[in-house]
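What follows draws every value from the coordinates through simple rules; no lab data is involved. Everything quoted here is computed from the prediction, not taken from an experiment. Counting neighbours? That spans all protein chains shown, and the Cβs are built from the backbone with ideal geometry, glycine included.
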Amino acid sequence: MILPYTYEVCSTGAHHPRKAGSTILPTDRLVVAYARYLPREELKNDGKVILNLMFTHGTGMNKSVWRHHIDRLYQLSCSPSVNLPWKLGKVLAMDAVNHCDSAVLNKRKLGHKFFWGDFGKDALAIMKHEGLRNSESQRTIGVGHSLGGHAILCAGAFEPIMFDSIFAVDPVIYDSHSFERDNVEVWDLHNKIHRRIEKNLLDQFANEEECFRWFQKEAFYNKFQPEVLDYFMRDEVIYNSDGTVSCKTTAKQQVVVYTSRDISVLQGRTLLQFITFPVLHLVGSRFTSHFTPEAVEYIRSTLPDVTGAMIENAGHLLHCERFDETMEIMEDWFTKRTMLEFRGTLDVSNSDLAGREEIFCQRYAELFASMDQNNPLFKGPKL
C-alpha cells in the first residue's frame with residue numbers, strides 16, 4: 001500500500017549552550033534527530049487551512065510512538081469522504097537528544113543530567129530549521145506526552161509566536177512534593193525509586209525474539225495498541241553483527257531523565273502562566289501517586305487558556321493504550337482550532353514604507369486602548 005506521505009529521518013543542531021552536566025564537556029555540541037512527513041501529493045489551494053504538527057515523546061519512547069497517530073491523521077486528511085476544514089501539511093516527530101536516533105548520533109557526548117526545558121528548545125530548533133510557521137493559511141500545533149508534554153509546553157512559553165495551540169497529553173510539569181536535597185530521608189527515597197527504575201530497564205538482548213518479548217510482555221509498553229508498539233519497537237532496536245539486539249536508548253540515559261525530573265519540574269511549572277495561546281490538556285481518570293488530581297488542578301488553574309479532557313479508566317499512557325479515544329479528541333481539537341479566525345501576527349507582504357507606518361500607528365494606538373479583556377496588552381499572566 002502506498003502511504004499518503006513521504007517519510008525521512010533528518011537531523012539538525014540541538015540547542016546550545018545547554019545546562020551544566022548535559023554533555024561530557026561543556027564545548028560538546030549535540031544534534032537532534034527527527035522524522036519528517038510530507039504529503040505525497042501537492043496541496044491544492046482549496047481554502048482549507050494547512051495544518052503542521054510537531055510531536056514530542058515521553059521517557060523511554062521515541063519519535064515513532066506517534067507514527068500510527070500520524071498515519072490516521074494523513075488518512076483523514078486525504079480521504080474524499082471526510083469533510084475537514086484542514087489538510088495535513090508538514091509533520092515533524094523528534095527524538096530527545098538522549099533517545100533513539102539522537103542518542104546514536106550523540107554517543108560519547110551525553111552527560112549525566114538532562115534538563116527537560118532544553119528538550120523544548122530542541123523542538124524549537126527543529127521547527128525553525130524546517131521553516132514551520134503559524135499564520136492565517138498555515139497553523140502549527142504542538143503535540144506532546146509526559147516528558148514531551150513538558151517540553152512542548154516549555155517551547156510554547158519560550159516562543160509562543162511559533163504555535164497556534166498545544167495538545168498536551170498528561171504532561172509531567174507539576175509535583176506535589178518539594179525535593180529537599182538536604183533531607184536524608186527524601187534523598188534515600190529518591191535513590192531507591194531511581195535504582196528500582198534502573199533495575200527494571202533493559203537495553204541488551206540475546207536475540208530479536210527475547211527483545212520483542214520484553215517490549216510486548218514485560219516492559220510497561222505491554223498494553224500499547226499493537227500498531228503503536230510495532231512502529232515504536234522497530235525504530236528502537238539495533239541488530240548487532242553477533243546476532244544480539246540492542247536498544248538505541250540506553251537504560252542509563254533513561255535514568256538520567258528520571259533523576260533530572262524534580263529540578264526540571266520545579267523550573268517548568270513556573271512557565272505555565274506565560275503560555276497565552278490555547279492548550280488542550282488530556283489526562284486519564286486513573287490517577288497514581290505520580291500522576292495526581294492535584295497536578296491536573298494546578299495545570300488547569302495556571303494555564304491562562306486551557307481546555308480539559310479526560311478518558312475514563314485510562315492511565316498515564318493513554319495515547320498508546322487508548323488510541324481511538326485519543327485520536328477522536330485530537331481530531332476534534334484540530335478541527336476546532338482551524339475553524340476559528342486566525343488571531344496571531346499576520347504576515348506583512350507590503351514592503352511599502354507608508355503601509356508599514358500605518359500598521360505601526362494602528363498597533364501603537366492599542367497601547368492606549370481601554371483596559372478590557374479584548375485588549376492584547378492585558379492578556380496573559382497576572383504578574
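Brief remarks follow.
- Sequence-ordered 3J(HN,Hα) estimates for region 326-333 from the Karplus curve with 6.51, -1.76 and 1.60 and θ = phi - 60° stand at 4, 5, 4, 5, 5, 4, 5, 5 Hz, glycine and proline given as x.
- Charge sum, other residues only, whose C-beta stays under 10 Å from residue 30's C-beta, Lys/Arg counted +1 and Asp/Glu -1: 0
- Computed E for residue 204/residue 332 - FRET, C-beta separation, R0 51 angstrom, nearest 0.05: 0.75
- Packing rank of 356-363, 90-97, where each peptide gets the mean count of other beta carbons within 10 Å, highest leading: 90-97, 356-363
- Förster radius 45 Å - calculated FRET efficiency between residue 11 and residue 365 (Cβ-Cβ, nearest 0.05): 0.45
- The distance linking region 38-68 with region 233-251 is 26 Å (Cα centroid to Cα centroid, whole angstrom).
- Gaussian network model of the chain, Cα within-10 Å springs - most flexible of 290, 112, 99: 290
- Restricting region 245-335 to GluC sites (Glu not before Pro) that sit in a DSSP loop and have at most 15 other Cβ atoms within 10 Å of their own Cβ leaves 312.
- Vicinal HN-Hα couplings computed from phi for region 105-111 (Karplus, 6.51 cos²θ - 1.76 cosθ + 1.60; Hz; Gly/Pro x): 5, 9, 4, 6, 10, 6, x
- Among 198-204, 274-280, the order from most to least packed when residues are scored by Cβ within 10 Å on average: 274-280, 198-204
- Cα-based reach from residue 248 at 29 Å (exclusive), listing lysines while leaving out same-chain residues under 8 positions away: 19, 63, 90, 107, 109, 113, 121, 128, 192, 199, 217, 223
- Theoretical FRET efficiency, 1/(1+(r/R0)^6), r = Cβ-Cβ of residue 81 and residue 358, R0 51 Å, to 0.05: 0.65
- Karplus (6.51, -1.76, 1.60) ³J(HN,Hα), θ = phi - 60°, over region 203-214, in Hz, Gly and Pro reported as x: 9, 10, 9, 5, 6, 4, 4, 5, 4, 5, 5, 5
- Checking every one of the GluC sites (Glu not before Pro) in region 33-133 against DSSP loop status and a limit of 13 other Cβ atoms within 10 Å picks out 41, 42.
- In this Cβ point-charge picture (+1 for Lys and Arg, -1 for Asp and Glu), the chain has a dipole of about 680 debye about its Cα centre.
- Long-range HN-HN contacts of residue 56 with modeled amide H, under 5 Å: 143, 144, 145
- Beta bridges per DSSP, both residues in region 1-106: antiparallel share near 70 percent.
- Sequence ranges 248-255, 26-33, 205-212, ranked by mean other-Cβ count within 10 angstrom, highest first: 248-255, 26-33, 205-212
- If both residues of a DSSP beta bridge must be in the chain, then about 40% of such bridges are antiparallel.
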